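A short write-up of the structure that comes next.
The numbers here are math on the coordinates, done by the rules we state, and not lab data. Here the structure is a predicted model, which means the values were calculated and not measured. Note that we place each Cβ from the backbone using ideal geometry, even for glycine, and neighbour counts take in every protein chain shown.
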There are 2 protein chains.
Amino acid sequence: MNLVVTIIVTTKGCYVMQISSRFSVGVHILSLLAINPNEHHTSEWIAGSVGTNPVIIRRVLGYLKKAGLVHVRAGSGGATLARELDEITLLDVYRSVEVVEEGKLFHVHDQPNPSCPVGANIETVLQLLLVKAQHAMEGVLEAVTMKELVEVLSNQIKTKSAGE
Amino acid sequence: MNLVVTIIVTTKGCYVMQISSRFSVGVHILSLLAINPNEHHTSEWIAGSVGTNPVIIRRVLGYLKKAGLVHVRAGSGGATLARELDEITLLDVYRSVEVVEEGKLFHVHDQPNPSCPVGANIETVLQLLLVKAQHAMEGVLEAVTMKELVEVLSNQIKTKSAGE
DNA sequence: ACTAGTTGTAACTAATTTGGTTACAACTGA
DNA sequence: TCAGTTGTAACCAAATTAGTTACAACTAGT
């Protein structure tokens, strides 16, 4: 007699929406530029720290450049900060990489039946609230500058290396 | 001589991430149950107001049921509220339909180089902030009950029908 | 002027979500 | 028993995301 038991272990649970990592990659890049000001920051060098492909970095650098946060030298290569660290908020980075459209974090179903009282009015009522929720989130990002973030980061780096 | 001019108009701009409309559909459903308490709320009837397919409604009803927000009668059909309106916050609905995992609104790139000081520390520093931002957003949803939303909705319905 | 190294982009892929749809077994109440 | 309904599975098209290859254009130093 044979008894076969198969157990399937799924690595991840159900998938859900997430804001693109372009944002965190952007913050990572700016932190690198700030903390190692004397390096030659090519997309390849940056990709080494972020743990991804140089093209991904060039793409994000493109967004940051378009938003006036960095300068990128074509040909010779290398990126540098285009603005003081305390004049870059996390919201600036967030907006620059275009991960979420203004006022559109939530997808509200858009074909409710206009001849049903609820269907005809739910959109406007909900939108008002959801935009408020989105703004609350973005407000937290706006309240933090890259300077503050880099300070926290530097402290953590020191603490960690001291603890070894 | 022929001159042909082709103008391509794109309906939408670039696409970006959005939180699934399951959430707004869920709110729509609960509003219907509250405002028309004497109807026989089959998935087909609800779908008529939401402007979608009955199966979509049954799926969302499944989430709401699992979260204890509604009762659904199999066979004879029909959904009813399982909890008082003022004991359902928008956050309850949001959580029930599983659109965003707890603490995971933002996707932080997950293979930074551990041998680079920045790469080794950026994740924890960022996460702290991003979870805070997410909580701020969810706090707004938590502060509003379905009762309040239905009141605003009812007022708007009255105002509109009076204005005609 | 050449050349090596780099950026900016286009094109493509695999994985994944989402909303929609069809189909159907199981259930319920008259 | 039967008509109507729910709960699900299976499938589809559209779209995003991250990753990758490829390559023209550019720049600085020799």
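Kindly provide the set of residues from the range B:32-65 that are more than 13 Å from chain A (Cβ to nearest Cβ), more than 8 Å from DNA strand D (Cβ to nearest atom) and more than 14 Å from the chain's Cα centre (by Cα), ordered by number.
The answer is B:38, and nothing else.
Looking at A:105, A:129, which is the one that is within 16 Å of DNA strand D (Cβ to nearest atom) and under 25 Å from residue B:129 (Cα atoms)? Reasoning before the result, please.
On the way: A:129 fails: within 16 Å of DNA strand D (Cβ to nearest atom).
None of the others qualify; the one that does is A:105.
Is it true that residue B:55 is loosely packed, with under 14 Cβ neighbours inside 10 Å and among the hydrophobic types (A, V, I, L, M, F, W, C)?
The answer is yes for residue B:55.
Just to verify a result, which residue in the range A:11-31, among those that are more than 9 Å from DNA strand D (Cβ to nearest atom) and among the hydroxyl-bearing types (Ser, Thr, Tyr), is surrounded by the most Cβ atoms within 10 Å (Cβ to Cβ)?
The extreme case among them is A:31.
Out of the residues in the range B:66-79 meeting the condition of being away from DNA strand C (no atom under 12 Å from the Cβ) and more than 11 Å from residue B:146 (Cβ to Cβ), tell me which one is farthest from the other protein chains (Cβ to nearest Cβ).
Among those that are away from DNA strand C (no atom under 12 Å from the Cβ) and more than 11 Å from residue B:146 (Cβ to Cβ), it is B:68.
Give all pairs with beta carbons closer than 8 Å in which a residue from the range B:144-164 that is within 9 Å of chain A (Cβ to nearest Cβ) and within 18 Å of residue B:24 (Cβ to Cβ) meets a residue that is surrounded by fewer than 17 Cβ atoms within 10 Å (Cβ to Cβ) and among the basic types (Lys, Arg); count only pairs at least 6 apart in sequence or on separate chains.
Once the first residue is within 9 Å of chain A (Cβ to nearest Cβ) and within 18 Å of residue B:24 (Cβ to Cβ) and sits in the range B:144-164, no partner that is surrounded by fewer than 17 Cβ atoms within 10 Å (Cβ to Cβ) and among the basic types (Lys, Arg) comes close enough.
Of all residues in the range B:107-124, which are at the interface with chain A (Cβ under 7 Å from one of its Cβ atoms), of a type in the set (A, V, I, L, M) and assigned to a helix (DSSP H, G or I)?
B:118, B:122
Residue B:112 passes all but one of (1) of a type outside the set (Asp, Glu); (2) within 16 Å of DNA strand C (Cβ to nearest atom); (3) without any contact (Cβ under 8 Å) to a residue 40 or more places away in the chain; which number fails?
(2)
Does residue A:141 count as within 14 Å of DNA strand C (Cβ to nearest atom), under 24 Å from residue A:61 (Cα atoms) and at the interface with chain B (Cβ under 8 Å from one of its Cβ atoms)?
no
Residue by residue through the range A:80-111, note down the ones that are buried (at least 21 other Cβ atoms within 10 Å of the Cβ) and more than 19 Å from the chain's Cα centre (by Cα).
A:109
Tally time: how many residues in the range B:61-79 are small (Gly, Ala, Ser) and surrounded by 12 or more Cβ atoms within 10 Å (Cβ to Cβ)?
As a first pass, look at the range B:61-79 and keep what is small (Gly, Ala, Ser): B:62, B:67-68, B:74-79.
When the remaining residues are screened for being surrounded by 12 or more Cβ atoms within 10 Å (Cβ to Cβ), the result is B:62, B:67-68, B:77-79.
Of the residues in the range B:61-79, 6 are small (Gly, Ala, Ser) and surrounded by 12 or more Cβ atoms within 10 Å (Cβ to Cβ).
Looking at the range A:92-106, which of the residues that are assigned to a helix (DSSP H, G or I) and out of contact with any Lys or Arg (no Cβ under 8 Å at 6 or more places or on another chain) is farthest from the other protein chains (Cβ to nearest Cβ)? Lay out the reasoning, then the answer.
Within the range A:92-106, the subset assigned to a helix (DSSP H, G or I) is A:92-96.
Filter again for out of contact with any Lys or Arg (no Cβ under 8 Å at 6 or more places or on another chain), leaving A:92-95.
Details: A:92: 14, A:93: 11, A:94: 9, A:95: 11 Å.
That would be A:92.
Of all residues in the range B:66-82, how many are more than 8 Å from DNA strand D (Cβ to nearest atom) and free of Cβ contacts under 8 Å to residues at least 24 places away in the same chain? Explain how you work it out, then say what you get.
We begin by selecting, within the range B:66-82, every residue more than 8 Å from DNA strand D (Cβ to nearest atom); these are B:66-71, B:80-82.
Next, from what is left, pick out any that are free of Cβ contacts under 8 Å to residues at least 24 places away in the same chain: B:68, B:71, B:82.
Total satisfying the criteria: 3.
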